[in-house]
Structure formats: C-alpha cells, structure tokens
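Here is the structure we will look at.
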Amino acid sequence: MTPCPPPDPARRRLLGAGSAALIGFPALWTGVRAAPAAPLRPTPAQTEGPFYPLELPADGDADLLVNGTRRLRGGQPVMLGGRVVDLDGRPLAGARVEIWQCDGAGRYHHPRDRGGVADPDFQGWGHAIVDADGRYRFRTLRPVSYPGRTPHIHVKLKLGGRELLTTQLYVEGDPGNERDGLWRSLRDAVDRAALTRPFVAAADGLAADFPIVAAA
C-alpha cells in the first residue's frame, strides 16, 4: 500500500483561513440576497373636471354604447381595458374603475354642459370591477374634442370606499394634444406616455390598453 503523503502545512493554513472567512461572513455560505424590487411608478393623477355625473345613469355597466334599450349609432367603438395593480405589482382585485366622457358631438350628460343635452343613446358613464388577475374592460366611444379640450376619457379608481386615483386618458397622436393645457402639464415624458395611449385598429373598431398603477 502506498503511504499517504504528509499533510501540507501551507494547504492547511489556506483551508483554515477560508473556513474562518466563511464563519465571519455567512453571506458566503448562503449567497447574497437579492435586493427587493423597486416600487412601480404610479399612474399620474389629473383633475376630475366639471362634468362628473350629478346622478349616475340607471344603466351604469361597462358597455357605454348601449344605454338601457337604446343603442348608439355612429362614431368609432373602442374596447378599452388593462390591468390595475398596486405599487408592488399585485392585482387590485375588486377595485372599481369608472369612466365618463362626452358624446360624439362633444356634450356631457351634465346640466352645466350646455343644458345637458347629450345623445341619449350614449351612456356617458360606466363602471367595471377589476377581476382576480387585475383586469378590467369597457366598450365605449373613441373620445372626441370639444371647445378647449383635446379628446380624452375621464378615469376614476376606487377600492373599499376609498378613491385611489382620478385621471384622464388621451389618444396617442391626436393633433389636439399639443394645444391642450392639461396634456401639456404632463411635462415628464414617462407620465405623458402613461396617460397617452395608442388607439389601434381592432376587429370591431378600435382597441386601447390602459394599465393603471395606484397605491392601495
């Protein structure tokens, strides 16, 4: 049998130093812990405006193109939807998304807007409940301009009786944006992009994706 070589003193000193280092720095045993993910950037808030309904319509569902037994004719229908999450990216299931906007002639269902003579075929306001995955969806009209404003849709987010966000959604590429004071007030490019979304061709009109991030 070949005799074992005598222990190498230098190697023994090296192993001893390595063991001491591992004892002194436990992170070398377990690996460096990953830093927590940075919070998401919240969707910017904007003014509610003067035409939030004084009375909510009897038909207040997520299809604004059908108002009770009436159906809107004309205009460009839009499927509007997205995900609603908190600052950590968790779905805000059960939250309530509300939208309201003017009709195809630029009139709101509100007495302060030229007597409130908006098209009765257009619901004008609706709500959707966020599902378990954080998603919501509306069927509505591509917004149009009216004196002093570029096309926009008002959006409000509520959860458990609390209002988490009020803002406005704009149409990417609309020529009226650059002339609109509220749109221009979004000086940060990231905030502007968050509220200015593409309305793209879809099977039945247009589609727009509007993700919402809000502190719960």
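Remarks
- Residue that is farthest from residue 167 (Cα to Cα) [pool: residues in the stretch 30-50 that are at pLDDT below 65 and either in contact with an Asp or Glu (Cβ under 8 Å, 6 or more places away or on another chain) or β-branched (Val, Ile, Thr) (or both)]: 30
- Matching residues in the stretch 175-216 - criterion: being under 18 Å from residue 100 (Cα atoms) and part of a strand (DSSP E or B): 196, 197, 199, 206, 207, 208, 209, 212
- 3 or more residues surrounded by fewer than 16 Cβ atoms within 10 Å (Cβ to Cβ): qualifying strands (runs of 3 or more DSSP E) within the stretch 76-129: none
- When the stretch 36-65 is filtered for residues that are in contact with a strand residue (DSSP E or B) (Cβ under 8 Å, 6 or more places away or on another chain) and farther than 28 Å from residue 188 by Cβ, the ones remaining, listed by number, are 53, 56, 57, 59, 60, 61, 62, 63, 64, 65.
- Some residue of the stretch 60-81 being without any contact (Cβ under 8 Å) to a residue 24 or more places away in the chain and more than 27 Å from residue 181 (Cα to Cα): yes
- Count of the stretch 124-183 residues, restricted to those that are within 18 Å of residue 209 (Cα to Cα), in contact with a Ser or Thr (Cβ under 8 Å, 6 or more places away or on another chain) and of a type in the set (S, T, N, Q), is 3.
- For the stretch 198-216, filtered to residues that are at pLDDT below 95 and out of contact with any Pro (no Cβ under 7 Å at 6 or more places or on another chain), the residue that is farthest from residue 154 (Cα to Cα) is 203.
- Tally, over the stretch 149-174, of residues that are under 17 Å from the mean Cα position of the chain (by Cα) and in a loop (DSSP other than H, G, I, E, B): 1
- Single residue of the stretch 197-216 satisfying the filter (touching a residue at least 24 places away in the same chain (Cβ under 8 Å) and under 18 Å from residue 65 (Cα atoms)) that is surrounded by the most Cβ atoms within 10 Å (Cβ to Cβ): 199
- Exclusive hit being at negative phi and modelled with pLDDT under 95, set 147, 143, 151: 147
The values are calculated or read from the model by the stated rules, or taken from the named source; none is laboratory data. Note that the coordinates shown come from a computational prediction; the quantities given were computed from them, not determined experimentally. So basically every Cβ, Gly included, is an ideal-geometry build from the backbone, and we count neighbours across all protein chains shown.
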